């Protein structure tokens, strides 16, 4: 099923959204046949419940979906998506008194029940289609859903079919769709154009490392998105054990999320000058792989001591961030599946972000709640700066001790942005178990919050 709203037809059923706290009052106003049917089916308005109510001719004439209690809803996202996954194939028209923001988020969740990663197997998502309620911006919700579908597809695709070359092709396809330009620096040309750390991390792979540079828009504030594109991470010479490699196809989740956000920006025609930078590499093991103990010189001129080749994402991002900073945009935003420390701190469901601007943090947090795309602010804690300063180089890519791993990674990246307001996301981009509106596998973290917040953040 496409990630779009359905067209109302003669067979479209009205779907009543029933709050469990108010179920008794609601059902008391229904005809006796409806009361009897709901009693027989055990419907109480709980989350995930749905039922079709037959008419006089035996066919369904309406449907009901449980919305749970207020207490239960705070522990869930996309409550109506749980009902959508239960309803039989058909087209439904929501009858509810949900406020506009809640309804928009629920509609997005509903559309995402139609997602299925079907590249390698004939599978499909839920079959219950939804007519766009008149009180929501249908075009916007569809744009968000289609961008989310792109993110999930990119993250779910295994490294055999999503290496640096294929990631470049995905960026070029997106650029072609919206009339953007896309240029890529590949292989030894990275050295010629002064991207030494991108080259060092990716040179051992049989797919050459590259820097993808996409631009769109000619007016408004300059917004630059930088996404980590490590298409597979063995850990390099600091080799990961097999279990730790199981999900490493998703180590390019940062690039997938910035491409998804870029798609939202372009589809919604935000008045910005958009730039997307993706250092695309595979961190492989070979005779020419970079080594523990090496000292690399970055594009910015800062030297970096390599104390763990498995801390490679910050290296490729550093060169890309330095390039972004040279253009002095109004905002640089990086997204990366960067540290396990972030997962230990906040788990898989929250997207940690870093900014020095308190007002921006408040705007984003409010937008995230509205968009049902939860984020959590983390600190650029400056007393930890000494932890990333080794004896023999300007910076250490993997401080010893294991403390504050997400914070020290963020501080490392901030060293490469000196002219521009900067925000960094340390995301997971993976749903460990199936949930309403969220299939198991890749998913977006942060883009919907950001697309909600950007107009206020950039003064659009």
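Suppose R0 equals 22 Å; then what is the FRET efficiency for residue 44 and residue 71 from their Cβ-Cβ distance, rounded to the nearest 0.05? For residue 44 and residue 71, the calculated efficiency is 0.90. Fewest neighbouring Cβ atoms within 10 Å first, the residues 387, 457 line up as 387, 457. Spin-label model, residue 24/residue 183: points 7 Å from Cα along the beta carbon direction are separated by 7.0 nm. From least to most packed, judged by other beta carbons within 10 angstrom and beginning with the fewest, 285, 304 follow the order 285, 304. Estimated at 0.36 nm per residue, the fully extended path between residue 173 and residue 268 surpasses their Cα-Cα distance by 32.4 nm. Only Cα pairs under 8 Å and 6+ residues apart enter the sum, and on that basis the relative contact order of segment 13-136 stands at 26 percent. Label zone (residue 369, point 7 Å along Cα-to-C-beta; backbone nitrogen cut-off 16 Å) within segment 105-136: 105. Most simply put, the chain has about 40% antiparallel DSSP beta bridges, counting only bridges with both residues inside it.
Per the Kirkwood formula applied to alpha carbons, segment 185-253 shows a radius of gyration over Rh ratio, Rg over Rh, of 1.07.
Counted over all Cα-Cα pairs of the chain, pairs farther apart than 42 Å make up 21 percent. Extension gain for residue 32 to residue 385 (0.36 nm times residue separation, less C-alpha to C-alpha distance): 120.1 nm.
The order of 376, 110, going from fewest to most other C-beta atoms within 10 Å of their C-beta, is 376, 110.
Compute the Rg/Rh shape ratio of segment 116-232: radius of gyration over Kirkwood radius, all on alpha-carbon atoms. Ratio of gyration radius to Kirkwood radius for segment 116-232: 1.05. If I fit a long axis through the Cα atoms of helix 100-112 and take the longest principal axis of the Cα atoms of the chain, what angle between them do I get, 0 to 90°, rounded to 10? Tilt of helix 100-112: around 80 degrees. Both radii are taken from the alpha-carbon atoms of segment 314-359; with Rh as the Kirkwood radius, Rg/Rh is 1.03. If you plug the beta carbon distance of residue 138 and residue 239 into 1/(1 + (r/R0)^6) with R0 = 35 Å, you get a FRET efficiency near 0.10. Axis angle, to the nearest 10 degrees, between helix 313-326 and the longest C-alpha principal axis of the chain: 80 degrees. Between the alpha-carbon centres of segment 348-375 and segment 105-129 there is a gap of 26 Å. For the chain, relative contact order (Cα pairs under 8 Å, six or more residues apart, normalised by length) works out to 15 percent. In whole Å, how far is the Cα centre of segment 134-167 from that of segment 378-437? Taking the Cα centre of segment 378-437 as reference, the centre of segment 134-167 is 26 Å away.
For segment 312-460, the relative contact order works out to 37 percent when only alpha carbon pairs closer than 8 Å and six or more residues apart are counted.
Helix 253-267 axis versus longest C-alpha principal axis of the chain: approximately 60°, rounded to the nearest ten. Size of segment 13-136 from its Cα atoms: along the principal axes, largest to smallest, the extents are 48, 35, 27 Å.
Where a number appears in this text, it was derived from the coordinates with a stated rule and is not lab data. What you are looking at is a predicted structure, and each value in this text was computed from that prediction instead of being measured. Here the Cβ is made from the backbone with ideal geometry for all residues, glycine too, and neighbour counts use every protein chain on show.
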